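Take a look at the structure below.
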Amino acid sequence: MPSIPSPSPASSDALAHGRQPLFSRTPNLAEPDTARLRAELRRYFLDTFDRYESLFDCLANEDAYTVTPIALRHPLIFYFGHTATFFVNKLLLTRMIDTRIDQRVESIFAVGVDEMSWDDLDEAHYDWPSVAEVQAYRDKVRALVTGLIDHAPLVSPIDWNNPWWAIIMGIEHERIHLETSSVLIRQHALQYVQPSADWTACVESGEAPTNELVPVPAGRVRVGKAYDSPQYGWDNEYGHHEADIDAFEAGRYLVSNHEFLEFVEAGGYLNAHNWEEEGQAWLSYSQARHPSFWVKKTQGWALRLMTEEVPMPWDWPVDVNYHEAKAFCNWKKSETGRSVRLPTEDEWYRLYDAAGRSDVVDQPADANIHLDHGASACPVNRFRHGDWYDVVGNVWQWTETPTYPFEGFDVHPIYDDFTTPTFDGRHNLIKGGSWISCGNESVRASRYAFRRHFFQHAGFRYVVSGDIKALPSPYYETDQQLSEYAEFHYGDEYFGVPNFSGALVELAMRYLADKPRRTALDLGCASGRATFELARHFDRVTGVDFSARFIGQGDQLINDGTLRYTLTDEGELVSYKSRSLTELGLDAVKNKVAFYQGDACNLKPQFTGYDFVLAANLIDRLYSPARFLSTIHTHLAVGGLLMIASPYTWLEEHTPRKAWIGGFKRDGESFTTLDGLKQALGGHFRLVAEPTEVPFVIRETRHKFQHTLSEATVWERIA
């Protein structure tokens, strides 16, 4: 089991007085004294790294790491390694480091699973490292990050353009997984968990209070973080949003287990009319008859906590998903005749302001948040906030609001898929934090969203309010780069130049005429047109790209059949465009296509055995093209073909100068990229034919286009 380092003197003093030391708060990144800033970040990192490892002391044996708590997620060994790997990946992207610690481990633990549907089972097989191996890897990451904090050049403030942002991002990311991993432990079978002195639950319980509605006065909500804020934020917190909120009524308390029992005993899970359409589908699939963490015993109800079952504390908040919370509100509405529903995000902000709340500071919080009061929920009438209780803390609160971008939203270049995959109308915001929410999760500005069937330490508060005001639609593609790629892949042809993806696939088919055509891999697939085109000829095609934003376009076409985007005409003027698979004659092949996020320089081992691999306009955009070329044969069947197409546009912003494989002088003579390809691939491939130039055109505005020639080479794997 992972060992926990000895506590610091300050921590020892706190423990000697019979209390847990306060878990460090999210720091001030504008601290001008860099020595003090280094010390604060060191403490913040080590507090987080230690607390995360201590969570895994709640696992009873090695099997607990590799048996999945639920079929929709990886086993806990993945999350034990994933947060450490995240540091390495982000530090590489900011070039604070230039070398991986362990390529195999980092390939396995690189990308997590956020299930998109309750029946989206992940049946992939993984050869997981041992717990000891992962702990040894974490120890190396601990030493790496502390070394950087102590010695790397530092300029204050640390904003999101500062390479140190990757360190803060890694810490806050691990704090998110502290919470999500605790949920998985709570979902584990009891035989796999054990009590831990560092994770003791609340023992306070009494009679549940009777809930009542309390007026919330009208007011104006102003939210959105400035890009020069001294506090860390995730991309969806930045920008600007204002709204006038009409007066409404909000429950004084979160809905308790006792209040929710009325719904259960009234047949709430049996009456379909209580449930929204999506909720009915989830209910039919899950066959739920009560909240997930309730346990029916011979002598009554019990509640599953992280490592134990306890007699039901009826005055604690109920833990449910959005569908259950919404069904309760619908039932309550039918029972009372009033417009009962969940609050919107804006209404939660208005309630927060009306209750006079502010962010947690360096004393025990007057809320069950930030692990200040134990490792579980507590009674709903313990922490008063103005005229209400638990406006923040205890459990997250589901809202009616699908997450959307504020005006001025932008993605961070080293984590472009934190929020954008959730702009699909199917991820609802949760607000207020839970007993374990800490760091960024605990602040007013935080915006976390989950699929509506998802279980978190989440419950709800109901409101009586009017109709929900329309919000900006999350279904948009106005990012100029993504829109240009959407047009490049699926849009019009310009100046008589054929679609580039289609032209490459047509060229490849000349060499594949007498070859097996079972599986193909489109590496650096971007928006996915070539992936679909290959599916005309192959039984199964995999598209892999580093950017979740790009493969999101391919996934959108699979799921919705249509891609909508804007094109810049001039200045602020845009035109609106849409393309469908049906128009392109590709609808019939979409079931043969699957998209994944991945790193071409560090591909996961399951991407193997392909008959054909396409790497289009990729080689000169990789951080380590030599590593890609030295390993690509392991993903291709012997006799299979590799096509590389590139304009060989070497730029240091994409590839460090020392990593270029061509485009320079060697021994006084020109050394081209083709020379480099022959040198790198010669041991495992033979060049099938002389290079072919394939043109393409990218539209930037109505009057500006890029015309480029990409050189295509085809290689056959011989060993």
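The values are calculated or read from the model by the stated rules, or taken from the named source; none is laboratory data. A quick note: this is a predicted structure, and the numbers were derived from the prediction, not measured. A quick note on method: Cβ atoms are made from the backbone with ideal geometry, for glycine too, and the neighbour counts reach across all protein chains shown.
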Which condition does Y227 not pass, out of (1) part of a loop (DSSP other than H, G, I, E, B); (2) buried (at least 21 other Cβ atoms within 10 Å of the Cβ); (3) aromatic (F, W, Y), if it passes all the others?
-> (2)
Taking into account only those residues within the stretch 450-507 that are assigned to a loop (DSSP other than H, G, I, E, B) and basic (K, R), which is modelled with the lowest pLDDT?
-> K469
Go through (1) within 21 Å of Y485 (Cα to Cα); (2) under 21 Å from the mean Cα position of the chain (by Cα); (3) assigned to a loop (DSSP other than H, G, I, E, B) one by one and return the number of the condition L603 breaks.
-> (1)
Kindly indicate whether any position in the stretch 28-43 is under 18 Å from H177 (Cβ atoms) and hydroxyl-bearing (S, T, Y).
-> no
Lone unmet requirement of (1) farther than 23 Å from T634 by Cβ; (2) not in a strand (DSSP E or B) for K515 | (1)
Determine which single condition V131 fails, assuming it passes every other condition in (1) under 24 Å from W234 (Cβ atoms); (2) in contact with a Phe, Trp or Tyr (Cβ under 6 Å, 6 or more places away or on another chain); (3) hydrophobic (A, V, I, L, M, F, W, C).
-> (1)
Mind telling me which of the residues G206, G224 ends up being over 25 Å from V295 (Cα atoms) and either assigned by TED's automatic domain parsing to the domain that holds D410 or among the small types (G, A, S) (or both)?
-> G224
Checked F705, F696 against criteria (surrounded by 20 or more Cβ atoms within 10 Å (Cβ to Cβ), under 30 Å from L573 (Cα atoms) and either basic (K, R) or modelled with pLDDT of 95 or more (or both)); the one match is F696
Here are some residues: G233, G279. Which one is within 26 Å of the chain's Cα centre (by Cα), modelled with pLDDT of 95 or more, not assigned by TED's automatic domain parsing to the domain that holds H323 and not aromatic (F, W, Y)?
-> G279
Scan the stretch 428-446 and give yes if some residue there is in the same structural domain as P364 (by TED's automatic domain parsing), surrounded by fewer than 24 Cβ atoms within 10 Å (Cβ to Cβ) and modelled with pLDDT under 85, otherwise no.
-> no
Tabulated pairs, the stretch 234-259, first within 17 Å of R384 (Cα to Cα) and touching a residue at least 24 places away in the same chain (Cβ under 8 Å), second small (G, A, S) and part of a strand (DSSP E or B), C-beta under 7 angstrom, 6+ apart or interchain | L254/G459; V255/G459
Quick one: count up the residues across the stretch 50-85 that are surrounded by fewer than 23 Cβ atoms within 10 Å (Cβ to Cβ), among the aliphatic types (A, V, I, L, M) and assigned to a helix (DSSP H, G or I).
-> 0
Does A530 meet the test of being at pLDDT 90 or above, not basic (K, R) and not in a strand (DSSP E or B)?
-> yes
The residue that is farthest from A377 (Cα to Cα), considering only those in the stretch 181-227 that are among the basic types (K, R) and in contact (Cβ under 8 Å) with a residue 24 or more places away in the chain, is R220
A626 versus (1) of a type in the set (G, A, S); (2) surrounded by fewer than 21 Cβ atoms within 10 Å (Cβ to Cβ); (3) at pLDDT below 95: which is the lone unmet condition?
-> (3)
Check the stretch 225-240 and report whether any residue there is in contact with a Lys or Arg (Cβ under 9 Å, 6 or more places away or on another chain), of a type outside the set (D, E, K, R) and under 22 Å from G459 (Cα atoms).
-> no
Criterion violated by L674 - all others in (1) more than 30 Å from P516 (Cβ to Cβ); (2) not in a loop (DSSP other than H, G, I, E, B) satisfied | (1)
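If I ask for residues that are farther than 20 Å from R426 by Cβ and exposed (fewer than 13 other Cβ atoms within 10 Å of the Cβ), which ones from the stretch 266-283 would you list? Quick ask: steps written out before the conclusion?
Going residue by residue through the stretch 266-283, those that are farther than 20 Å from R426 by Cβ are 266-274.
Correct list: G267, L270, A272, H273.
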